[in-house]
Amino acid sequence: MTDTPNSPDPLNPLNPLDSLDSLVEKRSIDVVPDAERHGTAFSQFTLWLGANLQITAVVTGALAVVFGAAAFWAIIALLLGNLLGGAVMALHSAQGPRLGLPQMISSRAQFGVRGAIVPLLLVIVMYVGFFASGSVLAGQAVGELTHLGDTTGIVLFALVTGVAAAVGYRLIHILGRIAGIVCALAFVYLGIRLLDRTDLATLLHDRTFDFPLFLLAVSLSASWQLAFGPYVADYSRYLPRATSAKATFSWTLAGTVLGSQWSMTFGALAAAAAGHAFVGHEVTYIVGLGGGAALITSLLYFVIALGKLTINVLNTYGGFMSMVTSVSGFRGRATLSPRGRAAYIAGIMVAGTAVALLGKDSFLSSFKDFLLFLLTFFTPWSAINLVDYYAIAKERYDIPALNDPNGRYGAWRWKALSTYALGVLAQLPFLSTAFYTGPFVAPLGGADISWLIGLAVPAAVYWLLAHRDTAHVPDHMILTPEPPSSRPYATESG
């Protein structure tokens, strides 16, 4: 398998002769032609390692301890959640090389060309929320680094994020690789410093097992991984079509689990060591582990900002893709001008920055509820998408029909939409958040198992409803439009 000569591998340093124009991505939600494919599946490892070695993942791990779990069981629970959620996320990643499309546009095969807007709107809210939460922590780092304060730091960070997202796919992979190396070195150093301050055996001495808190920790890390699902294929879609699905899955899973578990374990141990000193001072506490030297302090603030830049660029880019997908379902256009691209990205950036500035003083508790609430809406989507792709369509989609509301997939596919609604509703009795607690939470000792229900129920129901209704499934993958007479089908929307 070789790369196209005119399509540089994003893992390799840029050729000095490459122009800025060649770096800036031209495509949006349109399919990536085979001639423009490049790279290897290993690029998914470097990207997702870098995306997870960052401060918000640290805070996610710390939350398990902050809310009462013993560090020993918190780390085990976080690993279990990362493995379960990461496997679902990596299955989405494996769709990228096969389809050559952003993740959410493939939802049109299940929900209809216009019906896909239902999960898409919630995905956009997710991107804005993650952009905001990341900007709060990165803004603290940038504010300290520049001595301009948190508010200015948030704004500056948002501007840099927007520019990087506008450049697109190649720069995103380059950032992931750089962040993976730099942040890994920083986390090794911080880990050594943390263990210099406290004894690891002491931190792990408490083996008190609390099942609801254990499930909370599993849910925190699983939700972290599942939230990547709606955009993970965005970053594998340029891989050559012949790229092994197993390789894409494995490298994605390895990168995301290693990066997130490393960060979350560090966060759990830091929270166990710091106690209440960690809450509300996440960035300054972690930087304080560096020892206080001005140069080390500045470098650690830079590392925090770099790690958050990588993931926030993913969130901005994914939000841009989702917004374009939503609008194009009604306008029927899959291409976008540079000016339109900039406008969509600016919209995500402004909305995320506004939320960050409004919520920066109550970040920690709000972020925990935000993460768990997201699961309610994204686990049913993941279940439906994966069952349809792997078990019903069996990787056979009509790519041109994904842009035609009168085509094979129709405008609205009610089996998927009704299953999605059922999947959301089925979780409510098991959901536990600050603003709502379902009736089955107390009998379970306060444990929140809603995300498990949100995966299992929609997967089973959608398969039962749709596995015999395969009139819309082509005999083979269709990449270019076929004559109408060669593709008979029926649509649910008529």
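The values are calculated or read from the model by the stated rules, or taken from the named source; none is laboratory data. As the structure is a computational prediction, the values presented were derived from the model and not from experiment. Methodologically, a virtual Cβ is constructed for each residue, glycine included, from the backbone with ideal geometry; neighbour enumeration extends over all protein chains shown. Accessible surface is based on the protein model in full, side chains and every heavy atom, while ligands, DNA and RNA are left aside. Shrake-Rupley method; radii C 1.70, N 1.55, O 1.52, S 1.80 Å.
For the reader, a short list of remarks on this structure follows.
- Annotation: Thr202 carries an accessible surface of approximately 90 Å², with a 1.4 Å probe and no ligand, DNA or RNA atoms counted.
- 3J(HN,Hα) along the stretch 463-471: 5, 5, 6, 10, 5, 9, 9, 10, 4 Hz, from the Karplus curve 6.51 cos²θ - 1.76 cosθ + 1.60 with θ = phi - 60°, whole Hz, x for Gly and Pro.
- Relative to the longest principal axis of the Cα atoms of the chain, helix 117-146 runs at roughly 30 degrees.
- Estimated purely from DSSP H runs of n ≥ 4, each contributing -39500 (n - 2.57), the mean residue ellipticity at 222 nm for the chain is -21000 deg cm²/dmol once divided by its residues.
- Measuring nothing but protein heavy atoms, the accessible surface of the chain at 1.4 Å probe radius is 68 percent carbon and sulfur.
- Surface exposure of the stretch 213-345, expressed per residue as accessible area with a 1.4 Å probe, stands at 31 Å².
- Solvent exposure, largest accessible area first (probe 1.4 Å, DNA, RNA and ligands not counted), of Asp210, Asp30, Asp234, Asp475: Asp475, Asp210, Asp30, Asp234
- Accessible surface comparison of Arg170, Arg114, Arg27, Arg108, probe 1.4 Å, protein chains only, largest first: the order is Arg114, Arg27, Arg170, Arg108.
- Loop trypsin sites (Lys or Arg not before Pro), the stretch 183-266 (other Cβ atoms within 10 Å of the site Cβ: 10 or fewer; DSSP): Arg207
- Ordered from largest to smallest accessible area (heavy atoms of protein chains, 1.4 Å probe), the residues Phe373, Phe266 come out as Phe373, Phe266.
- With all protein chains modelled, accessible area of Phe67 [1.4 Å, Å²]: 80 Å²
- In order along the stretch 374-390, the phi-based Karplus estimate (6.51 cos²θ - 1.76 cosθ + 1.60, θ = phi - 60°) of 3J(HN,Hα) comes to 4, 4, 4, 9, 9, 5, x, 4, 4, 4, 5, 4, 6, 4, 5, 5, 8 Hz; Gly and Pro are listed as x.
- Computed accessible area, Trp251, all protein chains, 1.4 angstrom probe, square angstrom: 100 Å²
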